[in-house]
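Have a look at the structure below, then the notes.
The values are calculated or read from the model by the stated rules, or taken from the named source; none is laboratory data. Quick caveat, the model's predicted, so the values are computed rather than measured. Here the Cβ positions follow ideal geometry from the backbone for every residue, glycine too, while neighbour counts run over all protein chains shown. Accessible surface areas use protein heavy atoms only, side chains included; no ligands, DNA or RNA. Shrake-Rupley method; radii C 1.70, N 1.55, O 1.52, S 1.80 Å.
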Amino acid sequence: MAAAFAGSALLSSSNALATTLVTPPATTPYDQKSDATDANDQLLDGGRLGISPDELPGSNPPSNEGQIADLQRELTRVTGEIISAINLLADLEGSDAVGIIDTDSLINLVQVFVPIDFVAPGEINSERRIKEVRAQINELIQRQADLKNRIRELGGDPNAAPAPDDFIPSNPGDLSDIDLQDLGDGEEILYFPRMPQNSALNNISAYNAITASASRIKTQFINQSDLGNIWSRSKVTYLDGTIGRTGYAGNVQLGFAKTLMPGLDVGGFVSGFVGRVSSSVLNSDTTSAGLGVGTYLKYALTDELEAGISVFYERSNNSITIGPDSGTYKRDLLQISASLAGNYQVGVINVAPRAALNWTYSDRNAYTDSAAITVPGSINSQLTATAGVTLSRTILLTEGKLHSITPSVGANLNYNITNLDVLNLAGGNTIVESTFNAEIFAGARFEFIEGATTDIRFGVQGLGGSTQSYSASLGINVPIH
């Protein structure tokens, strides 16, 4: 019998099946009906939500501290770009840059004093470039002010943002061009030594590299009022298989996640599933409805690496017609999944590699159809390894109810480790599971200032095989205050 398979990721991959028109060994009608039943169940499994723990939600802290930390890191990056732009401007104008800093916030640039009447000899289009850099500095200062305002709205202190790595302490430098009487309360002189242009540009890259605003594994802030998170995920899938099989499936999960200690999350969920598959070649139609329950654990090994394990059980009621005959049966599904997920910041891009091992056990009851034929039951198991990567970038917002938007793209490759069985069907058709299949997906996460998140994803599964599915997913995660 062919092994049943359920995908491991949020956009779980359906089995990629290959069809060969060969003359199968002699089989009885009982065996053919049993294999036809398994073939439809197998395709339906591609519409289930994955249970790999790296894709299941963790517990977000019910405070704004995580968002404040993101904004402070972004404030540090923007300030670093301001300093680099000042150095670049000074290099273009052939002088050192002297600035005034508000000492109430070491990274709040108030005003920059640079000579504007000198152009370095041989500088091509220097006047236009100077104007561009000055405009960039003005935009960055505005961005800096917006970030500080949003931090204050969330109850944070913008002055707590760390200074850039090479931030230079106050140094009076050459004050000949500055009237000290013009300094306001709480202001002092800050000196920016002139740097070569390429060095200033390298600094911008360095500041981008230390930004962690897109990090999915955030610093956990635990307190006695942390009651956990309520989350839900839903997925709709269009199924397109061999031997004329087409169908649809819908899956909903409702769960709860709780942080027991820094880095350790536990959770549980209930699941509902409905689906239907029809085959013009087999003249068959299968409908399925199931309920399930699962639990999972996630542990942060380091700031960038997380391990997890999950267990899921589902029982479904199924109705099938093959030609003029019909019947009903029950099916039990058990899944155990272990995952290892990374989270690394490369400039402003977040790179999240993942690996998972998934074991699926399926037990379909025997049934007697309307033609009084007893169709034997089947027990199948499947071990599948998955490897993939997701690329994302977080865009922090300074206005409205949204804290950030994180678009993402990714791909997974699935490898069936266990021996692949053959389904011998009517009409001389044989279905063999493909050893490899792949999926691609794209989506976005929307994080609100209250701490709630909404995720959407669209994906194509079964690439490289003759069975494909097309899915759309929605996830909602709400902290309990």
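Tabulated data for the structure shown
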| read-out | value |
| --- | --- |
| Matching residues, region 392-408, being polar (S, T, N, Q) and either in contact with a helix residue (DSSP H, G or I) (Cβ under 7 Å, 6 or more places away or on another chain) or in a strand (DSSP E or B) (or both) | 392, 398, 404, 406, 408 |
| Enumeration of residues in region 445-459 that are open to solvent by less than 40 Å² (accessible area, probe 1.4 Å) and farther than 22 Å from residue 154 by Cα | 455, 457, 459 |
| Looking only at region 318-352, and only at residues there that are in contact with a Phe, Trp or Tyr (Cβ under 8 Å, 6 or more places away or on another chain) and free of Cβ contacts under 8 Å to residues at least 40 places away in the same chain, the one that is most open to solvent (accessible area, probe 1.4 Å) | 328 |
| Candidate set: region 63-75, residues that are open to solvent by 10 Å² or more (accessible area, probe 1.4 Å) and polar (S, T, N, Q); chosen: the one modelled with the lowest pLDDT | 63 |
| Residue list for region 41-62, restricted to those being of a type outside the set (Asp, Glu), part of a helix (DSSP H, G or I) and modelled with pLDDT of 90 or more | 44, 53 |
| Matching residues in region 254-273 - criterion: being open to solvent by less than 40 Å² (accessible area, probe 1.4 Å) and part of a strand (DSSP E or B) | 255, 257, 259, 264, 265, 267, 268, 269, 271, 272, 273 |
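Residues are listed down the side, and each one gets a yes or a no for (1) in contact with a strand residue (DSSP E or B) (Cβ under 7 Å, 6 or more places away or on another chain); (2) hydroxyl-bearing (Ser, Thr, Tyr):
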residue	(1), (2)
343	yes, no
346	no, no
380	yes, no
394	yes, yes
397	yes, no
423	yes, no
